[in-house]
Amino acid sequence: MHVEFDRDTCIGMFQCVEEWAAFEENRDDGKADLVGSEETDPDLFVREVPEDAELDAEFAARTCPVDAIRLYDDDGDRVV
């Protein structure tokens with residue numbers, strides 16, 4: 001499973017931070033940061049989700065009010 005975070009879309013509500021420790025508040029930019037991710041396109045960050053964090057990642061994606069977080073299973077199908 002992997003997560004994609006569109007930082008440009010992020011509006012800094014930081015609800016994801018409450019759900020998954022991989023997200024951190026960046027008050028300077030007014031947006032979240034996805035720790036341990038790689039920027040694959042401008043403002044698009046991707047990282048693998050550890051098996052023990054899959055539920056937290058799903059909650060983070062579901063709570064994002066602007067759908068800046070997308071979660072994909074190992075087959076590449078979008079979960080959230």
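The values are calculated or read from the model by the stated rules, or taken from the named source; none is laboratory data. In this text the structure is predicted, and so the values were computed from the model without any measurement. A quick note on method: Cβ atoms are made from the backbone with ideal geometry, for glycine too, and the neighbour counts reach across all protein chains shown. Surface accessibility is based on the protein's heavy atoms, side chains included, excluding ligands, DNA and RNA. Shrake-Rupley method; radii C 1.70, N 1.55, O 1.52, S 1.80 Å.
Taking N as the number of residues in the chain, what value does Rg over Cα atoms divided by 2.2 N^0.38 Å take? Write down the numbers at each step before the final one.
Details: Rg = 11.2 Å, N = 80, 2.2 N^0.38 = 11.6 Å.
Compared with the compact-globule rule of thumb, the chain sits at 0.97.
With every protein chain left in place, what is the accessible area per residue of the chain in square angstrom, probe 1.4 Å? Kindly include the intermediate steps, with their values, before the conclusion.
Numbers: 4730 Å² over 80 residues.
Normalised by residue count, the accessible surface of the chain is 59 Å².
If you put +1 on each Lys and Arg Cβ and -1 on each Asp and Glu Cβ, how big is the dipole of the chain around its Cα centre, in Debye rounded to 20?
Working: 7 positive and 25 negative charges, 70 e Å.
Magnitude of the dipole: close to 340 debye.
Counting each DSSP H run of 4 or more residues in the chain as -39500 (n - 2.57), what helix-only mean residue ellipticity at 222 nm follows after dividing by all residues, to the nearest 500 deg cm²/dmol?
-5000 deg cm²/dmol
Which length gain, in nm to one decimal place, applies between ASP77 and ASP43 when the Cα-Cα distance is subtracted from 0.36 nm times their residue separation?
Taking 0.36 nm per residue and subtracting the Cα distance, the gain is 10.1 nm.
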